[in-house]
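Structure, as structure tokens:
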Amino acid sequence: MNAPNTNMPPARAQVAIAGAGPAGAACAALLARAGVDVVLLDAQRFPRFKACGEFMSPQCVPLLEQLGAAQALRRAGARELRGMELFGHGRRARGRFVDIGRARAPVDYGWALRREVFDAQLVEHARRCGAQVFEGWRVCALERGADGSVKGLHLRGPGGARRSLAASWTIGADGLRSKVASELGVQREDRGLRRIALTTRYRGVDTRSLAQAHFFEGGYFALAPVDQGLVSVNLVLFEELYRSSGLERDALFESWVQRLPAVREALGAGERVDPLRGLGPLARTTTQQTFDGAALVGDACGYVDPLTGEGIFFALHGAASLAPALLDALGAGRTDRGVLAPYLRERQREIAPRARLCRWLAFALARPTPARLLLALLESRSGLADLAVSLSADYARPAELLRPSVWLRAWSGGASA
């Protein structure tokens, strides 16, 4: 049985997780439910705002069902989105979530929910499962053994309180600017991902239960209707385009709204209700994700473009893959990185190919020539639009594209085979 939560983290735990976003909270819930003594820490207090596209792909729904959190998220107002509209260069295509080859869609919708609501619900779920949760505690450094293995965390809490937390396993789930990954020395800049995201929300914008992406040279707008009648709006720009504008943040955002007729029309009917917040440059990746006594999960492993909503899937799937590997490690009394090989294999099998495809798609659609060709093709062939959108839904592996029957069916009007 876990010790009662106090204002001070304990001196020792079986697993210490830094970062209580979706990856950290989901991993903590899965471990605590299995009887592990797990401590979940976050530098912020919940609910808190998080810059995000706020859209979850359809495969997130069964993952959240398995976690036991789906019903609470439904009650919290998770909005069902049944596809995506793609705009750009005078073209408009609409895709639905459909079966792709042998891959069957678990549901025909994704979810959209404000991150402050989503994250707070997952943190509370981790508490209910038995995790000890400490908010307002920041990682200062890793505790290391004589052999260099990770032995826990050095923490700073509210009012400057200090604490050392020893753990058999230390998990970095602390996001894009992960302190754990930085301490481990595995963060690298990926210049191909140097983008700036500006995010806000509107009220009174009708997107008809569809997400929207509006592409232009050097970036895109992403719109997703979330709970409480709001629409999440993200403007993502290549960093050089952002820097060269010479405009203040609000003026830059408004200038791009006015340049794109479809965006101007959509947002012109609504009212902006949140301040404009910025995030970037979004250019982090990691060279290694498992270590003796430690592992990285979620955005701590590297940036995922918000275009397709795969970031939350990667977080939830990563947690669902890491937790059983940690259970096996704890059961065997091992803390060497080799015991986490199943987690790495699952990342390579499920996450790596999707991340490459997502990156290629976002890169191509931000450039006029491939974007015009691709959007014209998707506009003229609804089955291909369904295929493109469904590939971002995470229930089909990109390898399904190697089957000719998938392309034939999509070309003729449907993506299943």
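Here are the numbers:
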| item | result |
| --- | --- |
| Subset of region 36-84 that is among the acidic types (Asp, Glu) and at pLDDT 95 or above - its residue that is nearest to LEU113 (Cα to Cα) | GLU80 |
| Qualifying residue in region 309-318 (condition: out of contact with any Pro (no Cβ under 8 Å at 6 or more places or on another chain) and β-branched (Val, Ile, Thr)) | no |
| Residues (aliphatic (A, V, I, L, M) and surrounded by 22 or more Cβ atoms within 10 Å (Cβ to Cβ)) located in region 143-171 | VAL150, LEU153, LEU155, LEU165, ALA167, ILE171 |
| Region 371-397, residues that are surrounded by 14 or more Cβ atoms within 10 Å (Cβ to Cβ), of a type outside the set (A, V, I, L, M) and either within 26 Å of the chain's Cα centre (by Cα) or part of a helix (DSSP H, G or I) (or both) | ARG372, GLU379, SER382, GLY383, ASP386, SER390, SER392, ASP394, TYR395, ARG397 |
| Some residue of region 51-58 being at negative phi, part of a strand (DSSP E or B), buried (at least 24 other Cβ atoms within 10 Å of the Cβ) and not aliphatic (A, V, I, L, M) | yes |
| Spans of strands (runs of 3 or more DSSP E) in region 234-347 with at least 1 residues under 30 Å from GLY204 (Cβ atoms) and touching a Ser or Thr at 6+ places or on another chain (Cβ under 8 Å) | 277-279 |
| When residues of region 166-187 are limited to those that are of a type in the set (Val, Ile, Thr) and assigned to a strand (DSSP E or B), the one nearest to the chain's Cα centre (by Cα) | ILE171 |
| Test for VAL226: is it crowded, with 20+ Cβ neighbours inside 10 Å, without any contact (Cβ under 8 Å) to a residue 60 or more places away in the chain, touching a Ser or Thr at 6+ places or on another chain (Cβ under 6 Å) and aliphatic (A, V, I, L, M) | no |
| Test: VAL297 is buried (at least 22 other Cβ atoms within 10 Å of the Cβ), touching a helix residue (DSSP H, G or I) at 6+ places or on another chain (Cβ under 7 Å), modelled with pLDDT of 95 or more and under 13 Å from LEU176 (Cα atoms) | yes |
| Selection count, region 64-96, where residues are among the small types (Gly, Ala, Ser) and in a helix (DSSP H, G or I) | 2 |
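The values are calculated or read from the model by the stated rules, or taken from the named source; none is laboratory data. In this text, all values refer to a predicted model and were calculated from it rather than measured experimentally. Backbone-built Cβ (ideal geometry, glycine too); neighbour counts: all protein chains shown.
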